[in-house]
Amino acid sequence: MAKVALVTGGTRGIGHAISEGLKNAGYTVVANYASNDEAANTFKSETGIEVAKFDVGDFDAVQAAVKDIEAAHGPIDVLVNNAGITRDKPLHKMDKAHWDAVIRTDLDSIFNLSRAVIEGMRERKFGRIISISSINGQKGQFGQTNYSAAKAGLIGFTKALAAETASKGITVNAVAPGYIATEMVMAVPEDVLKNVILPQIPVGRLGEGDEIARCVTFLASDDAGFITGSTLTANGGQYMV
């Protein structure tokens, strides 16, 4: 029977690529989304992947959604925490609402989802939790104190949970992408992309969503069973750690 994977923010951008990558690797995939019904329905019709609408920042909604997913598809073996938003402003101009929104979606969600699946994984003595961080959680970024804090916190969470679960057959890892050719990045003005962003990337190009998906698929596989508490950096050499 195929393992079940839940990908949050799984219908667009990097999440779309991860959902398809896991499906192609033989997993039964459920892709979460927050609000864009039209995009989610298009994704479902094009990929054949089931979708689930719920707010990853709402603890109770997550617990209910995970129960529904497991009732329909079986226990969740692989959790990919990919959902994230940005609300960029320098700190001296940042509203509390901008801070709260990013922390809620990008960091609180990691607890909400992981808490919902961790007991079942411990009982079955198997699980894979993979969370998508960011180069800006490693090096920081102007105008992103909220986002950088959330993505750095995700890495600390990953290390701590990895230590707690290593003896239970559960691995917990993170992937930290750099600039990936998603819809959001491609909306950056061409002159900024060409003259500011690309010169910072030693390989001389943006990454592709499929490249991040392959990182996740590897970490989800049995081949990665000896890897836990790690952050896989995929940024074309822009920031080396």
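Read-outs: derived from the displayed coordinates by stated rules, not from any lab. Computed from a prediction, not measured in an experiment: that's the story for all the values here. So basically every Cβ, Gly included, is an ideal-geometry build from the backbone, and we count neighbours across all protein chains shown.
Just a few scattered comments:
- Charge context of residue 21, other residues only, Cβ under 9 angstrom, K/R +1, D/E -1: 0
- Ellipsoid equivalent to the chain - semi-axes via the Cα gyration tensor, in Å: 27, 19, 19
- Relative contact order of segment 34-120, pairs being alpha-carbon contacts under 8 Å that are 6 or more residues apart, as %: 34
- Computed from backbone phi, the HN-Hα couplings of segment 111-128 come to 5, 4, 6, 5, 5, 5, 10, 5, 5, x, 4, 5, 5, 7, 6, 7, x, 9 Hz, rounded to whole numbers (Karplus: 6.51 cos²θ - 1.76 cosθ + 1.60, θ = phi - 60°; Gly and Pro given as x).
- Estimated vicinal HN-Hα couplings, Hz - segment 2-13 in sequence order (Karplus 6.51, -1.76, 1.60; Gly, Pro = x): 5, 5, 9, 10, 10, 10, 7, x, x, 9, 9, x
- Per-residue HN-Hα couplings for segment 132-142 [Karplus 6.51, -1.76, 1.60; θ = phi - 60°; Hz; x = Gly/Pro]: 8, 8, 6, 3, 7, x, 8, 10, x, 7, 3
- Residue of 174, 72, 149 that the Gaussian network model of the chain assigns the largest fluctuation, springs spanning Cα pairs under 10 Å: 72
- With the helix formula -39500 (n - 2.57) applied to DSSP H stretches of n ≥ 4, the chain reaches a computed 222 nm mean residue ellipticity of -13500 deg cm²/dmol.
- Residue 76 sits among other residues whose Cβ lies under 11 Å from its own Cβ, and their net charge, with Lys and Arg +1 and Asp and Glu -1, is +2.
- Taking 148, 230, 133 as the candidate residues, the one with maximal mean-square fluctuation in a Gaussian network model of the chain, Cα springs under 10 Å, is 230.
- Among 117, 30, 185, the largest mean-square fluctuation in a Gaussian network model of the chain, built with springs joining Cα atoms closer than 10 Å, belongs to 185.
- Total formal charge among the other residues, if their Cβ is under 14 angstrom from that of residue 165, Lys/Arg +1 and Asp/Glu -1: +3
- Contact order normalised by residue count of the chain, Cα under 8 Å, 6+ apart, percent: 20
- Residue pairs, from the table 67/89; 125/159; 44/67; 53/93; 139/168; 139/194, whose Cα atoms sit over 30 Å apart: 67/89; 53/93; 139/168
- Across segment 81-224, C-alpha contacts under 8 Å between residues 6 or more apart give a mean separation that, scaled by the residue count, equals a relative contact order of 24 percent.
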